[in-house]
Protein chains: 2
Amino acid sequence: MEIDFGKSDGLVPAVIQDDATGEVLMLGFMNAASYRETRRTGEVVFFSRSRNRLWKKGESSGHVLKVREVRVDCDADALLVRVNPVGPGVCHEGYRSCFFRSLDESGTPRMLAEQSFAPEAVYPGRPSGQARKDD
Amino acid sequence: MEIDFGKSDGLVPAVIQDDATGEVLMLGFMNAASYRETRRTGEVVFFSRSRNRLWKKGESSGHVLKVREVRVDCDADALLVRVNPVGPGVCHEGYRSCFFRSLDESGTPRMLAEQSFAPEAVYPGRPSGQARKDD
């Protein structure tokens, strides 16, 4: 079965879900090469749209995502990757999940979680608040 | 807080998660107008890339997605919509979730679920196997 990389400039969205808890941790994009690297290594490799290159999740932080299962949707243009996350959190802002805020109808954010680590300790070359999602 | 619709032709991916079970049900895209309609109506409205128009999930099937919470990721370019799904399943192929198959390293699919409804009964104008994801 072939993944359909043709609909969005060679990219498909990849939802990252904690295999143990069901928590949705983040969303990234994969192209064919990053998908191959993900399968070859057993750890999630995205394609960074801002840097235009493969981006191994955890390459700076060590917070890699160990692949437990890859699911594909009905028309094969989206992936659901169930993982065991290594480390205290996936988010470059210091949270377990990148989805740490809700938005109400008026657009007001509400915090849903507390930080699980200090990002400036994990991304030492980046001053507080200056780490990037794809660091 | 503003959602960043600027990175992908005005669209952001929206992960749909069952609020009761944590199951990831599907992934669609929203533009600003479909997001506004989602918030205004309390039911998920996507933007269909293939039809180039707003696509209310369940407009044919009745299987609407009632919004329980909208989460936004750290850089505001992806949404996680927690829903109560109405009906036996969200997938136009007759499954509870669109992610009803896994892929092994060689690309071989494996079924993870059985059909929860007969799609030809829900999409009566569409012969078996001819319904579309955005019907």
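The values are calculated or read from the model by the stated rules, or taken from the named source; none is laboratory data. Model, not experiment: these values are computed from the prediction. Glycine gets a Cβ as well: all are built from the backbone with ideal geometry, and neighbour counts include every protein chain shown.
Mind listing whichever residues of the range B:41-86 are among the basic types (Lys, Arg), modelled with pLDDT of 95 or more and touching an Asp or Glu at 6+ places or on another chain (Cβ under 8 Å)?
Matches in the range B:41-86: B:56, B:57, B:66, B:68, B:82.
Taking residue B:70, is it of a type in the set (Val, Ile, Thr), at the interface with chain A (Cβ under 9 Å from one of its Cβ atoms) and more than 18 Å from residue A:74 (Cβ to Cβ)? Let's see the steps before the verdict.
On the way: of a type in the set (Val, Ile, Thr): yes; at the interface with chain A (Cβ under 9 Å from one of its Cβ atoms): yes; more than 18 Å from residue A:74 (Cβ to Cβ): yes.
Yes.
Can you tell me how many residues within the range B:22-52 are more than 15 Å from the chain's Cα centre (by Cα) and at the interface with chain A (Cβ under 9 Å from one of its Cβ atoms)?
The qualifying residues number 2.
Exactly one of these conditions fails for residue A:111: (1) without any contact (Cβ under 8 Å) to a residue 24 or more places away in the chain; (2) under 18 Å from the mean Cα position of the chain (by Cα). Give me its number.
Residue A:111 satisfies every listed condition except (2).
Inspect all residues belonging to the range B:40-60 and state whether any of them is among the hydroxyl-bearing types (Ser, Thr, Tyr) and surrounded by 20 or more Cβ atoms within 10 Å (Cβ to Cβ). Walk me through how you get there before you give the answer.
Residues of the range B:40-60 that are among the hydroxyl-bearing types (Ser, Thr, Tyr), as a first pass: B:41, B:48, B:50, B:60.
Now restrict to residues that are surrounded by 20 or more Cβ atoms within 10 Å (Cβ to Cβ): none.
Scanning the range B:40-60, I find no residue that is among the hydroxyl-bearing types (Ser, Thr, Tyr) and surrounded by 20 or more Cβ atoms within 10 Å (Cβ to Cβ), so the answer is no.
Find all pairs meeting these conditions: Cβ atoms under 7 angstrom apart; at least six residues apart or on different chains; first residue within the range A:122-133 and aliphatic (A, V, I, L, M); second residue at pLDDT 70 or above.
Correct list of pairs: A:122/A:61; A:131/A:92; A:131/A:119; A:131/A:123.
Mind listing whichever residues of the range A:55-73 are touching a residue at least 40 places away in the same chain (Cβ under 8 Å), assigned to a strand (DSSP E or B) and either basic (Lys, Arg) or more than 19 Å from residue B:96 (Cβ to Cβ) (or both)?
Residues satisfying the conditions are A:55, A:65, A:68.
Is it the case, given these coordinates, that residue B:34 is under 27 Å from residue A:4 (Cα atoms), of a type in the set (Gly, Ala, Ser) and crowded, with 22+ Cβ neighbours inside 10 Å? Steps first, please.
On the way: under 27 Å from residue A:4 (Cα atoms): yes; of a type in the set (Gly, Ala, Ser): yes; crowded, with 22+ Cβ neighbours inside 10 Å: yes.
Yes, satisfied.
Can you tell me how many residues within the range A:13-24 are under 15 Å from residue A:71 (Cβ atoms) and touching a strand residue (DSSP E or B) at 6+ places or on another chain (Cβ under 8 Å)?
Filtering the range A:13-24 for residues under 15 Å from residue A:71 (Cβ atoms) gives A:13-19, A:22, A:24.
Right, trim to touching a strand residue (DSSP E or B) at 6+ places or on another chain (Cβ under 8 Å) and you get A:13-19, A:24.
Residues in the range A:13-24 being under 15 Å from residue A:71 (Cβ atoms) and touching a strand residue (DSSP E or B) at 6+ places or on another chain (Cβ under 8 Å): 8 in total.
Restricting the search to the range B:3-21, which residues are of a type in the set (D, E, K, R) and either more than 18 Å from the chain's Cα centre (by Cα) or within 11 Å of another protein chain (Cβ to nearest Cβ) (or both)?
Going through the range B:3-21, the residues of a type in the set (D, E, K, R) turn out to be B:4, B:7, B:9, B:18-19.
Matches in the range B:3-21: B:4, B:7, B:9, B:18.
Are there strands (runs of 3 or more DSSP E) fully within the range B:74-126 with at least 1 residues that are surrounded by 15 or more Cβ atoms within 10 Å (Cβ to Cβ) and away from chain A (no Cβ under 11 Å)? List them.
Working: elements: B:79-85, B:101-103, B:109-111.
Filter on the range B:74-126 gives B:79-85.
Any idea how many residues of the range B:5-26 are in contact with a Gly (Cβ under 8 Å, 6 or more places away or on another chain) and surrounded by 15 or more Cβ atoms within 10 Å (Cβ to Cβ)?
Looking only at that region, the number is 4.
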